[in-house]
1. Aspartates and glutamates within cross-link reach of residue B:313: Cα-Cα under 14 Å, excluding same-chain residues under 8 positions apart?
2. Using heavy-atom solvent-accessible surface (probe 1.4 Å) with all chains present, what is the largest-first order of B:167, B:65, B:342?
3. Mind checking Rg over Rh on the range B:304-442, alpha carbons, Kirkwood formula for Rh?
4. Please arrange B:324, A:14 by accessible surface area, largest first, computed with a 1.4 Å probe and ligands excluded.
5. Estimate the FRET efficiency between residue B:227 and residue B:350 by the formula 1/(1 + (r/R0)^6), using the beta-carbon distance for r and 56 Å for R0, to the nearest 0.05.
6. If you take each beta carbon of peptide B:129-136 and count the beta carbons of other chains within 10 angstrom, what is the mean?
7. Working from the alpha-carbon coordinates of the range B:100-240, get Rg over Rh, Rh being the Kirkwood radius.
8. What do you reckon, how do B:134, A:39, B:71 stack up by accessible area (1.4 Å probe), largest on top?
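The values are calculated or read from the model by the stated rules, or taken from the named source; none is laboratory data. What you are looking at is a predicted structure, and each value in this text was computed from that prediction instead of being measured. In this analysis, Cβ positions are derived from the backbone assuming ideal geometry, glycine residues included, and neighbour counts consider all displayed protein chains. What goes into the accessible areas is simple: the full protein's heavy atoms, side chains included, and nothing from ligands, DNA or RNA. Shrake-Rupley method; radii C 1.70, N 1.55, O 1.52, S 1.80 Å.
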Amino acid sequence: MLTSESLKRIDREIAKYPAEQKQSAVMAALAIAQEEQGWLSSAAIEFVAGYLGMAPIAAYEVASFYNMYDLKPVGKYKVSVCTNLPCMLTGGVDAGEYLKTKLGIGYNETTPDGLITLKEGECMGACGDAPVMIVNNRRMCSWMNPEQIDKLLAELK
Amino acid sequence: MAILGAINPMLSVGLDGDNAWRLADYVKRGGYVALRRILEQKLPQEYVINEVKKSVLRGRGGAGFPTGLKWSFMPRSFPGDKYVVCNSDEGEPGTFKDRDILRYNPHSVIEGMAIAAFAMGAVRGYNYIHGEVWEIYERFEEAIDEARAAGFLGADILGSGFNFDLFGHHGYGAYICGEETALLESIEGKKGQPRFKPPFPASFGLYGRPTTINNTETFASVPYIINLGGEHYLEAGKANNGGTKLFSVSGHVNRPGNYEIPLGTPFATLLEMAGGIRGGRKLKGCIPGGSSAPVVPAAAMMDCTMDYDSIAKAGSMLGSGAVIVMDETTCMVKALERLSFFYYEESCGQCTPCREGTSWLYKVVHRIEHGQGRPDDLDLLASVTGNIMGRTICALGDAASMPVQSFIKHYRDEFAYHIEQKKCLVPVDVQRAGSGFFTATV
Ligand SMILES: Cc1cc2nc3c(=O)[nH]c(=O)nc-3n(C[C@H](O)[C@H](O)[C@H](O)COP(=O)(O)O)c2cc1C
Ligand code: SF4
Ligand code: FES
């Protein structure tokens, strides 16, 4: 189900916790599975549960509780824009509208070519850099004025 | 972003250069001296806890609880594993200081946690890091590896017989995991739902073991307290408000960012450091302690000093030190609508008053903002907040209610105008110009 590289990373996470607390590695293991496969299928969630010796339903509960797990396929790039108040005051909402117009899609939609999924995010702990957005849960982009957004979109191919 | 300005700083001294976060740089600026002194001179646990008590360091995560007192609650001679846990799940809108501490000064957190572990007899620690700041999580893991390789973490630290190991744990998008017991559930590999208290974490914490949870900035301050001595640390701030603190300034200012200033510094000074209001406009109001803190109108805010007591006197909370500045281009109804949406989205749903109440608050503020408000909506909002407050497992219910109550209290006319005129008092194009998005020249 997962590559040996991913399993090695999961093993490193398991080692952080007491031997009888393997379940503690579930958040990291799901994140690693999603990174490899682009989203979390039921098969992937069940695999992670089995690997950690926990009930599949318990892993599923975790996967559905935290916002950054995708339980449905998303575009090659998932762009999350922070629109919370501190960012809004410096253009977070405007940045979201700008992206919608440029991409011709709304929040929680994917461009027809499957390239970009747009999401509205909550505070990313980077409000001083507003407007901010995160690509694929990993790459934080700061001070995203129209020019910077154009640059980012040109890069996401 | 970095730390943009400071007055008599501690935490942000010497953080220039790309390698400031590395162990070698931290040691060069006096890092790990405090831990070494404690272990080499075999100072007693009580000594450490006493210094922290004398410093009047108050928790930097939001509640401002005295750290030394919290540490003294730990049953430190209780046999078996005990834990220290660092809360870097920074998700309170407006707060972005822990990110910078971990980015530029991660070893101060590691050293602070090791000292805390020593003082409370803990053998293991975790730092729970907000999932959205992935590169910070990776950097912290690297810093841990450096500290372990240098003998500051692991077994028999500096040959003293003291063992302590530390690990990073990342979140994955749930504000509620910043609440300390939800955070513990999350480390245990479960949904992040807060626990009933009591029992408190000091008796029943991570994996059911005694646990102390502190904020990133709280731990980071500890080495400075040990080096300076508790009394001198206290004097760096003001009575009952020890030390310096990082303030995250966001919103309508020219230079948003982090500023380290002594507690008790006038708000006016901080505002000036942040470059003042954009476009020379006027301050309308300020949320001085993160989105959960009540809003304070301009005039009262200009009279405040930045410390727990002064902000409390103005009817708000210093909270996490997130200063959200709003100028006259802000529509207060829209601002509140966005905050109410946040709490509605982030309620974990296990208490009915919070789950149903946050949904109502959002629905009603949303309809006022969209021109469908009803004459008795402001009374309705007051009654919904009354039904939430004090009736929930964790403080998120109160956190959702306080913005609603304070926005309506201070800007009631603006809400009434919205309901009657079915539009914003501040014209929409003025609001847009205020955000600066389409005119940015950054
Ligand atoms: C909904 C909610 C969110 C919270 N978020 C955070 C947070 O992001 N960071 C934090 O340090 N404390 C947060 N807290 C406070 C913690 O529960 C806890 O009081 C704090 O981590 C204790 O550390 P301190 O005493 O050093 O401040 C939150 C509390 C609540 C109720
Ligand atoms: S108050 Fe809200 S967030 Fe807190 S435990 Fe209850 S439902 Fe969950
Ligand atoms: S409000 Fe957008 S990052 Fe905090």
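1. Of all the aspartates and glutamates, those that pass the test against residue B:313 - Cα under 14 Å, at least 8 places apart if same chain - are B:303.
2. Working: B:167 30, B:65 85, B:342 0 Å².
Final ranking, largest accessible area leading: B:65, B:167, B:342.
3. Values: Rg = 15.9 Å, Rh = 16.1 Å.
Value, to two decimals: 0.99.
4. Details: B:324 0, A:14 30 Å².
Putting B:324, A:14 in descending order of accessible area: A:14, B:324.
5. Once the sixth-power term is evaluated, E becomes 0.85.
6. On the way: counts 1, 4, 11, 15, 5, 8, 3, 3.
Mean partner-chain Cβ count within 10 Å for B:129-136: 6.
7. Numbers: Rg = 15.6 Å, Rh = 16.1 Å.
Result for the range B:100-240 is an Rg/Rh of 0.97.
8. Values: B:134 25, A:39 80, B:71 0 Å².
Sorted by accessible area, descending: A:39, B:134, B:71.
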